[in-house]
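*Asks:* Here's a structure for you.
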Amino acid sequence: MARMSVEELAALPGVAVGTKEAAAVLGCDRYSLTIAAKCGMLGLPHFFSGNRLKISKAALLEFCGAHGATGEVPIVPGKGVKA
């Protein structure tokens, strides 16, 4: 999995990011983010556009600033978790 710095995340256009970018910054699996959002455990403002999860870039940047990009992520259900 490719890593992304907080600075690279901030430079992305738009107000929301997809699971690929969020997972690269947080160091977790894209699928885990989607499952956490569907279960109501994501802890970050988000919305679904069809089946695609979008996460607020401002909230993600604030989270990374408070916890560091490698900090403890409050959402880590593993693969195989049923929604």
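*Asks:* Test of understanding: among S56, S32, which residue is modelled with pLDDT of 90 or more, touching a His at 6+ places or on another chain (Cβ under 9 Å) and surrounded by 11 or more Cβ atoms within 10 Å (Cβ to Cβ)?
*Replies:* After applying the criteria, what remains is S56.
*Asks:* Of all residues in segment 21-53, how many are assigned to a helix (DSSP H, G or I), among the aliphatic types (A, V, I, L, M) and closer than 18 Å to V6 by Cβ? Full working, then the answer.
*Replies:* To start, the set of residues in segment 21-53 that are assigned to a helix (DSSP H, G or I) comprises 21-26, 30-39.
With among the aliphatic types (A, V, I, L, M) added as a condition, the list becomes 22-26, 33, 35-37.
Remaining after also requiring closer than 18 Å to V6 by Cβ: 22-26, 33.
Selection size over segment 21-53: 6.
The values are calculated or read from the model by the stated rules, or taken from the named source; none is laboratory data. Remember, it's a predicted structure, so these values are computed and weren't measured experimentally. Here Cβ is always computed from backbone atoms with ideal geometry, including for glycine, and neighbour counts include all displayed protein chains.
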